[in-house]
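Since every read-out is calculated from the coordinates, none of them should be taken as a lab result. Small disclaimer: the values here were computed from a predicted structure and weren't measured. Cβ placement follows ideal geometry from the backbone for every residue including glycine, while neighbour counts extend to all protein chains displayed.
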Amino acid sequence: MAEVLTKPIPVKTQGASADRPGAGKPMISSMRIARRVRQLGRQISETYADIETPLVIVVILKGATVFAADLLRSLSIPAELEFVRASSYHGGTTSSGRLQLAHMVDGTLVGRHVLLVEDIVDSGLTVNVIAKRIKRLGPASLRIAALLDRPARRVVEVKIDFCGFVIPDRFVIGYGLDYAGLYRELPHIYSLT
Ligand code: PRP
């Protein structure tokens, strides 16, 4: 936890005496996350057991990187790794409210089985836009894995094929999820309330 002490932004976590992330009671502990990720890995491996080419894991930067790294290592089937980056800041300093892809996958997805990996589905806009773009690239199949589902804020309908945890309408950090770019390194997930 020592690295957290130097963080400049004071925030509260749930838990009586907590005054910084990493000190309070986690919403989801690293052990619980690890257990659930292993389950998801088994489920995904079974789903794709019979495909003839390696599964293509498409990670949505940046938040999903930690989850994706663990999920990848929990698979018992061959998999390749690709990244996409969504942006709503089209060259300016303020969000346009419209999502564009700042980076798309490097390899071809034609005829490939694709698993889109997200840390959290909130409004659903990010994963919805990226899924639409991937579908245009001609994959054999496209499914979505999300560690967290926060349905209270949903704007567009999203079918999450592999979901870790459904959480209440709280702002969460840790295990890849950030607040102002910070706290992604925390092993547990905390609620900032
Ligand atoms: C977060 C999160 C998801 C997205 C979910 O990304 O990682 O990608 O928001 O929200 P939505 O369902 O309402 O679209 P963010 O834009 O904060 O970027 P980051 O992943 O780099 O932190």
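Of all beta bridges DSSP finds with both residues in segment 112-186, what is the antiparallel percent, to the nearest 5?
15 percent
So how do 103, 188 line up by other beta-carbon neighbours within 10 Å, fewest first?
Least to most surrounded, the residues fall as 103, 188.
Using the number of other C-beta atoms within 10 angstrom as an exposure proxy, rank 59, 166 with the fewest first.
Fewest-to-most Cβ neighbours within 10 Å comes out as 166, 59.
When the Karplus curve 6.51 cos²θ - 1.76 cosθ + 1.60 is applied with θ = phi - 60°, which whole-Hz ³J(HN,Hα) does each residue of segment 144-155 get, with x for Gly and Pro?
3J(HN,Hα) across segment 144-155, in whole Hz: 10, 10, 9, 5, 10, 10, 10, x, 4, 9, 5, 10.
Which whole number of Å³ per residue matches the convex hull of the alpha-carbon atoms in segment 114-178?
82 Å³
Normalising by the residue count of segment 29-145, find the relative contact order in percent from Cα pairs under 8 Å and 6+ residues apart.
26 percent
What percent antiparallel are the DSSP beta bridges of segment 41-193, to the nearest 5?
DSSP beta bridges in segment 41-193 are roughly 25 percent antiparallel.
Going by C-beta contacts inside 10 Å, put 46, 82 in order with the fewest on the left.
46, 82
Could you check the simple spin-label distance between residue 161 and residue 102, using points 7 Å along Cα→Cβ, in nm with one decimal?
Modelled inter-label distance: 2.7 nm.
Suppose the chain between residue 34 and residue 46 were pulled fully straight at 0.36 nm per residue; how much longer would it get relative to their current alpha carbon spacing?
Result for the pair: 2.5 nm of gain on full extension.
Cα-based Rg (one decimal) and Dmax (whole number) for segment 140-185, in Å?
Taking only Cα atoms of segment 140-185, I get Rg and Dmax of 12.4, 37 Å.
Can you give the FRET efficiency for residue 25 and residue 76, using 1/(1 + (r/R0)^6), R0 = 35 Å, r = Cβ-Cβ distance, to the nearest 0.05?
0.55
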